[in-house]
Amino acid sequence: MISRVLGVLFFGSLFALVPVAIIIAGILEGYISFYHIKDCGRQVFYNPFFYDTIFHSGFGWVMFLLAIIVGTLIVYPPFWASLWRGLYALILIVAMCTFIPNVGFALGEALFHKPNTRVSLIDGQVLSLDVVYVGREGLHFLTPDNPYPLTYRWEAIVGGQQQRCYITLPDSQSQLPDTRGASAAESAAVGIEPLPEKKSMFDVLMKKLFP
């Protein structure tokens, strides 16, 4: 009995995690990458994005219940075993559709886009922001004259969430919008100065071998 329960929890967690992980990756590619959102000093990457979207948002218990249901129906199905396994395969196919750019973007927009969000700053300003993502660093929002999101850090917002960044951020810009994300050509067009592009180890090696 105990081995069966452990099998349900283990394989249920695994089978439930796979389609959810695929969907999160599709949203990251279709929505986050579309806006070039940078959080905590770097491009939003998968691990913290997955954790924040599922567990920090309070969906951990949903994942636990989903693992029990999926594990029971897939590993020890009470009836119609082929039906449940075929349905799971169909769910995987649907999850893969999030890698279609329009699908991933639409799902990300439904989850994260919060237009006309009222925000009070510690300097007394009250703003209505077109928030595209609530990150660890702060609120990332769009403006009509900027193609990439700006950022108000949590320290600058009244009642802002506790800083949860995985790197230390400078305090000197805590009350200023962050204008990272533009390429050199795009920043020249809109008057933004982007951070220097980080080169991969392969690029550095090739430059050394073939100067």
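Take L142 and tell me if it is assigned to a strand (DSSP E or B), open to solvent by 30 Å² or more (accessible area, probe 1.4 Å) and over 19 Å from F55 (Cα atoms). In short, yes. Do the conditions hold for F34, that is, is it at pLDDT 90 or above, in a helix (DSSP H, G or I) and open to solvent by 60 Å² or more (accessible area, probe 1.4 Å)? In short, yes.
Being in contact with a Gly (Cβ under 9 Å, 6 or more places away or on another chain), open to solvent by less than 30 Å² (accessible area, probe 1.4 Å) and in contact (Cβ under 8 Å) with a residue 40 or more places away in the chain is not true of I69. Looking at the stretch 79-94, can you tell me whether even one residue there is touching a helix residue (DSSP H, G or I) at 6+ places or on another chain (Cβ under 7 Å) and basic (K, R)? Within the stretch 79-94, one or more residues are touching a helix residue (DSSP H, G or I) at 6+ places or on another chain (Cβ under 7 Å) and basic (K, R).
Only residues that are aromatic (F, W, Y) and under 21 Å from I24 (Cα atoms) were counted across the stretch 68-123, and they come to 4. Checking each residue of the stretch 54-65 against the condition of being free of Cβ contacts under 8 Å to residues at least 40 places away in the same chain and crowded, with 17+ Cβ neighbours inside 10 Å gives at least one match.
This table checks each residue for (1) over 26 Å from Y46 (Cβ atoms); (2) of a type in the set (G, A, S); (3) at pLDDT below 80.
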residue	(1), (2), (3)
S120	yes, yes, no
L127	yes, no, no
D130	no, no, no
H140	no, no, no
G159	yes, yes, no
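A residue that is aliphatic (A, V, I, L, M), modelled with pLDDT under 85 and assigned to a helix (DSSP H, G or I) can be found somewhere in the stretch 57-65.
Can you name every residue in the stretch 80-130 that is hydroxyl-bearing (S, T, Y), closer than 30 Å to G160 by Cα, more than 20 Å from the chain's Cα centre (by Cα) and open to solvent by less than 70 Å² (accessible area, probe 1.4 Å)? Hit for the stretch 80-130 is S120, nothing else.
Here R42 fits the description: charged (D, E, K, R), surrounded by fewer than 17 Cβ atoms within 10 Å (Cβ to Cβ) and under 26 Å from the mean Cα position of the chain (by Cα).
Table: residues versus (1) of a type in the set (F, W, Y); (2) within 30 Å of E155 (Cβ to Cβ).
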{"position": "L14", "(1), (2)": "no, no"}
{"position": "Y31", "(1), (2)": "yes, yes"}
{"position": "G41", "(1), (2)": "no, yes"}
{"position": "Y46", "(1), (2)": "yes, yes"}
{"position": "R85", "(1), (2)": "no, no"}
{"position": "Y88", "(1), (2)": "yes, no"}
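Quick check on the stretch 145-158: of everything there that is of a type outside the set (D, E) and open to solvent by 30 Å² or more (accessible area, probe 1.4 Å), which residue is farthest from the chain's Cα centre (by Cα)? Out of the qualifying residues, it is V158.
Only one of T98, T72 is closer than 19 Å to F10 by Cα and assigned to a helix (DSSP H, G or I). Can you tell me which?
T72
Give me the pairs: first residue in the stretch 1-23 and exposed (fewer than 13 other Cβ atoms within 10 Å of the Cβ), second residue of a type in the set (F, W, Y), beta-carbon distance under 7 Å, and six or more apart or on different chains, which are they? Partner pairs satisfying both residue conditions: R4/Y76.
The values are calculated or read from the model by the stated rules, or taken from the named source; none is laboratory data. On a predicted model such as this, the values are computed, not experimentally measured, just so you know. No Cβ is skipped: glycine too gets one built from the backbone with ideal geometry, and neighbour counts run over all protein chains shown. These area figures cover heavy atoms from the full protein model, side chains too; ligands, DNA and RNA do not enter into them. Shrake-Rupley method; radii C 1.70, N 1.55, O 1.52, S 1.80 Å.
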